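To start, the structure under review is shown below, and the notes come after it.
The values are calculated or read from the model by the stated rules, or taken from the named source; none is laboratory data. It should be emphasised that the depicted structure is a prediction, and the values quoted were computed from it without experimental measurement. For neighbour counting, all protein chains shown are included, and Cβ atoms are generated from backbone atoms with ideal geometry for every residue, glycine included.
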Amino acid sequence: MTDPFDIDAHPPCLINISTGMHATSEVQDSLLSAVNEGENMYRKFVNSALSVDQIRSFYSPITKSKLKTFEHMNAKTTLKCKSGEIITGHINPEIVFRRAQVLANRRDDVNIDSILSLPFGPIPVSLLHEDGTMRKSCKSDLVKQFENEVSPVLSLPDFDPSLTTYIRDGMAIVQCMDAKKHKTCSCLLQLFSKLFYKSTHSSRCF
């Protein structure tokens, strides 16, 4: 905790006393220069609207200050889903981490170790290579690889479960599910498991 009334104990960076969030270098520089920026805008207004030459009208709109505050650190991002639904939310990793810490202190089944084992960010790091390029996969490559491992036959042999391989497309099962009907991840997981094992006996999608 930081005592706002103890000047000698103040940290080098700015802290929001209501949330405890540390300001970024960009926000800190903007807030520390707020007085100078305000004085410059004041002089600009006086010299242009109140001077003898009067370059601009007194009733002209005043340019809005580009001051950056803690609100810019909590800016929400608008994302458009494939279904057309628009979702607004935070994708700042620092905000996600702080919420995860609060969650770990409130729930018995969540701890800091399990939280820190997960990546923080709007995009899973497993989808990207180390150089930042997107990972790409092609289902047809898997089929070609299977074809290279088998030999062609003139007629199919009798069915033998021990020699039969089932290939289940997990993403196709997910696309068959209506996620809006389920409120928790547990419900989605139960439905996915049901459809996943049912696909062995039926090719229909429910």
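Within region 144-169, the set of residues being closer than 20 Å to residue 195 by Cβ and surrounded by 10 or more Cβ atoms within 10 Å (Cβ to Cβ) comprises 168, 169. Counting just the residues of region 81-101 that are at pLDDT 70 or above and closer than 15 Å to residue 24 by Cβ, which one comes out farthest from the chain's Cα centre (by Cα)? Among them, the one singled out is 98. The condition of being surrounded by 11 or more Cβ atoms within 10 Å (Cβ to Cβ), within 22 Å of residue 102 (Cβ to Cβ) and out of contact with any helix residue (DSSP H, G or I) (no Cβ under 6 Å at 6 or more places or on another chain) holds for only one of 10, 22, that being 22.
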